[in-house]
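Reading through the structure tokens given below for one structure.
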Amino acid sequence: KQYNVAILGATGAVGQQMLQCLEEQEFPIANLKLLASARSAGKRVSFAGEDVVVEEARDEAFDGVDIVLGAAENDIAKRFVPVAREKGCVTVDNSSAYRLDPDVPLVVPEVNPEDVARHNGIIANPNCATIIALVAVNPLHKVGGIKRMIVSTYQAASGAGIGGLRELEAQMAAIGAGQPVGDPKAFAYQLACNLIPQIGGFDAAGYTSEEMKLQNEGRKIMHLPELRVNCTCVRVPVMRSHSESITLEFEREVSVEAAREALAAAPGVKLVDDPANLAYPMPLDTTDQDLIYVGRVREDISAAPGSHGLALWCCGDQIRKGAATNAVQIAKLLVAQG
Ligand code: 2RA
């Protein structure tokens, strides 16, 4: 069977990557629609050797569509995803609009694929930093039962879309040319040669919306309502891979050897952990591929007596597995489940 597929937000970084993932993963497409703002309508994009013209997103564009991949921001998702559902489409939405809706499954295929089947027309794609962390920690959760996570993220400029990428490139070029950097637009401050400890707005407890996603989405995806998470999200001058330092507290002992063994066998993971040979995950290595690299696996030497802890480091491409690849993998689960 082949499917009529639409990408909503087709011209952004994630939308463009979704198109590439559909082609790479040979998704069974009968007809493809690329939907975007009026400003982008008319653009030509090549797909599987054919030219596809970008159309303006409007209600009737969803007529006859089976699967929608949502790559647009929250306001556009809230405007069109309900319309698509009314028309019988199933949407895999990358915005944060529906992620915590109890009626909407939130899925990382390596973690909770079974949740896809309970959708009612919408499946939410988790936040990029959540996907990257959970692909790395889920194999360890199966061994020792995770109670608590302390996470620091080092998030790439691409998290702010094409504008974030362009801004970092321009700032690095200006610095290289000895020119003034100019006023930041995609971020609150200059990102080149800097670190910005803020992604999203602050809540009353001093946490950003990005930091609370890992707790809230992690609890839903892993079905661990008691999971305790303390997250610090930092924007770093890296193009498109997020990195995360993660300390885990377990119910049961997990040795470093057992952890490495579980990670080496885990779906979606590449274990890169050989400090003696300076082998560890780095953003340059994970860029433009779909695996989450995990390394620096070691005992948490600060763990309280009697408790069991590990520390690790992981990197993943934010546009691919952090967004587009995960969404296309969910769509393939949909197809596989008929
Ligand atoms: C970011 N995770 O990195 C957010 C949205 N992609 O900016």
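A few points about this structure:
- Criterion: open to solvent by 50 Å² or more (accessible area, probe 1.4 Å) and part of a loop (DSSP other than H, G, I, E, B) - qualifying residue of GLU253, GLU261: GLU253
Conditions tested, residue by residue: (1) within 27 Å of GLU114 (Cβ to Cβ); (2) assigned to a helix (DSSP H, G or I).
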residue: ARG296; (1), (2): no, no
residue: CYS314; (1), (2): yes, no
residue: ALA323; (1), (2): yes, yes
residue: GLN329; (1), (2): yes, yes
residue: GLY338; (1), (2): yes, no
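- When segment 201-233 is limited to residues that are within 13 Å of the ligand (Cβ to nearest atom) and in a strand (DSSP E or B), the one that is nearest to the chain's Cα centre (by Cα) turns out to be CYS233.
- Residue check, ILE150 away from the ligand (no atom under 15 Å from the Cβ), open to solvent by less than 60 Å² (accessible area, probe 1.4 Å) and outside any helix (DSSP H, G or I): no
- Contacts under 8 angstrom Cβ, first residue in segment 185-197 being modelled with pLDDT of 95 or more, partner outside any loop (DSSP other than H, G, I, E, B) and of a type in the set (Ser, Thr, Tyr), 6 or more apart: PRO197/THR232
- PRO102 vs. criteria part of a loop (DSSP other than H, G, I, E, B) and surrounded by 22 or more Cβ atoms within 10 Å (Cβ to Cβ): no
- Residues that are in contact (Cβ under 8 Å) with a residue 40 or more places away in the chain and within 16 Å of the ligand (Cβ to nearest atom) were ranked within segment 163-184; the one that is least open to solvent (accessible area, probe 1.4 Å) is LEU168.
- Test: ALA160 is open to solvent by 30 Å² or more (accessible area, probe 1.4 Å), more than 14 Å from the ligand (Cβ to nearest atom) and assigned to a helix (DSSP H, G or I): no
- Residues that are in a loop (DSSP other than H, G, I, E, B) and farther than 23 Å from PHE27 by Cα, drawn from segment 58-99: ARG58, GLU73, SER96, ALA97, TYR98, ARG99
- Residue within segment 129-141 that is within 16 Å of the ligand (Cβ to nearest atom), part of a loop (DSSP other than H, G, I, E, B) and under 15 Å from the mean Cα position of the chain (by Cα) present: no
- Some residue of segment 117-137 being under 18 Å from ALA327 (Cα atoms), in contact with a Ser or Thr (Cβ under 7 Å, 6 or more places away or on another chain), buried (at least 18 other Cβ atoms within 10 Å of the Cβ) and not aliphatic (A, V, I, L, M): yes
The values are calculated or read from the model by the stated rules, or taken from the named source; none is laboratory data. Values in this document were obtained by computation on a predicted structure and should not be read as measured data. Neighbour counts are summed over all protein chains in view; Cβ atoms, including those assigned to glycine, are modelled from backbone coordinates with ideal geometry. Protein only, heavy atoms only, side chains kept; ligands, DNA and RNA dropped before computing areas. Shrake-Rupley method; radii C 1.70, N 1.55, O 1.52, S 1.80 Å.
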